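Okay, structure first, notes after.
The values are calculated or read from the model by the stated rules, or taken from the named source; none is laboratory data. Not measured: the values here are computed from a predicted model. So basically every Cβ, Gly included, is an ideal-geometry build from the backbone, and we count neighbours across all protein chains shown. What goes into the accessible areas is simple: the full protein's heavy atoms, side chains included, and nothing from ligands, DNA or RNA. Shrake-Rupley method; radii C 1.70, N 1.55, O 1.52, S 1.80 Å.
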Amino acid sequence: MATNNPVYGATVEDIVPVLAAGIYPATFEGIESASNDTGTYWLWHFIATNGDERVEITATSSPRITPRTKASKWLGGMGVAIEVGSDIDFGALSGMPVQLVIVINDAGYSRIESVLPYPAAPKKK
């Protein structure tokens, strides 16, 4: 027998994007494998800087790395050479500075559109 309190009402909440659309400096924090009813996927973790605030933003991708997959494009944006048969060491990429291009999807949530390399500091003369 359930002893929880019954719910008689609830308030509909507005969708608040994690980040507004824009380009943010960030670091790649890691990746983990997960699964649901549709199969296995990768959960990517980034920490973006928004002013003085550090914001965790996650995204999913297929665990396949082929020239057309999101994972391949993001890794390419991180400067990783994508070559058939090569292995990717995600642990070695942890902490890598990147830029995240954030868009707001049709549902109103923040979505990582692309991962770009972080610009190198200009060389001193």
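Every residue, every condition in (1) closer than 18 Å to Ser114 by Cβ; (2) open to solvent by 40 Å² or more (accessible area, probe 1.4 Å); (3) in a loop (DSSP other than H, G, I, E, B); (4) charged (D, E, K, R), yes or no:
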| position | (1), (2), (3), (4) |
| --- | --- |
| Pro25 | yes, yes, no, no |
| Gly30 | no, no, no, no |
| Thr40 | no, yes, no, no |
| Trp44 | yes, no, no, no |
| Thr58 | yes, yes, no, no |
| Ser72 | yes, no, no, no |
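Being open to solvent by 60 Å² or more (accessible area, probe 1.4 Å), within 27 Å of Ala21 (Cβ to Cβ), among the small types (Gly, Ala, Ser) and free of Cβ contacts under 8 Å to residues at least 12 places away in the same chain is the filter here, so list the residues in the stretch 74-125 that pass it.
Across the stretch 74-125, the qualifying residues are Ala120, Ala121.
Looking for something of a type outside the set (Lys, Arg) and under 23 Å from Ala21 (Cβ atoms) - is there at least one such residue anywhere in the stretch 31-43?
Yes; the residues of the stretch 31-43 include at least one that is of a type outside the set (Lys, Arg) and under 23 Å from Ala21 (Cβ atoms).
Contact list please: Cβ distance under 7 Å, first residue in the stretch 20-48 and touching a residue at least 24 places away in the same chain (Cβ under 8 Å), second residue of a type in the set (Gly, Ala, Ser) and open to solvent by 60 Å² or more (accessible area, probe 1.4 Å), pairs at least six apart or on different chains.
Phe28/Ser94; Glu29/Ser94; Gly30/Ser94; Trp42/Ser33
If I filter the stretch 46-56 down to residues being more than 14 Å from Ala20 (Cα to Cα) and either surrounded by fewer than 16 Cβ atoms within 10 Å (Cβ to Cβ) or of a type in the set (Val, Ile, Thr) (or both), which single residue comes out as modelled with the lowest pLDDT?
The qualifying residue modelled with the lowest pLDDT is Asp52.
Can you find, within the stretch 74-102, the residue that is modelled with the lowest pLDDT among those that are under 24 Å from Asn36 (Cβ atoms) and part of a helix (DSSP H, G or I)?
Looking at the filtered set, the residue picked out is Phe90.
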